[in-house]
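Report on one structure; see the data block that follows.
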Amino acid sequence: MRCVGQYANISVFDVADNEALHRILWNLPLFPYLTIEVTPLAQHPSDLAAGEPKSAAGA
């Protein structure tokens, strides 16, 4: 997603752990020139799909 009025974007990565995210970010071609802010996300407790397996929730 692009941030309106800024030379920036927001990306959401669904990864297993911090190591996986670290690997993805470090392999970005422009990584040395980027300023990155990581904000962990969690599933909302009232999410209707919270108890369903991932494959069923995405169907």
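At-a-glance table
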item	result
Residue list for segment 1-36, filter: in a helix (DSSP H, G or I) and surrounded by fewer than 10 Cβ atoms within 10 Å (Cβ to Cβ)	19, 26, 32, 33
Residue pairs meeting the criteria (Cβ under 6 Å; at least 6 apart or on separate chains; first more than 18 Å from residue 7 (Cβ to Cβ), in segment 20-48; second surrounded by 10 or more Cβ atoms within 10 Å (Cβ to Cβ))	21/13; 21/15; 43/50
Subset of segment 37-50 (residues that are open to solvent by 80 Å² or more (accessible area, probe 1.4 Å) and among the small types (Gly, Ala, Ser))	42, 46
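The values are calculated or read from the model by the stated rules, or taken from the named source; none is laboratory data. All values derive from a computational prediction rather than experimental measurement. Note: ideal-geometry Cβ built from the backbone for every residue, glycine included; neighbour counts use all protein chains shown. Only protein heavy atoms, including side chains, enter the accessible area calculation; ligands, DNA and RNA are left aside. Shrake-Rupley method; radii C 1.70, N 1.55, O 1.52, S 1.80 Å.
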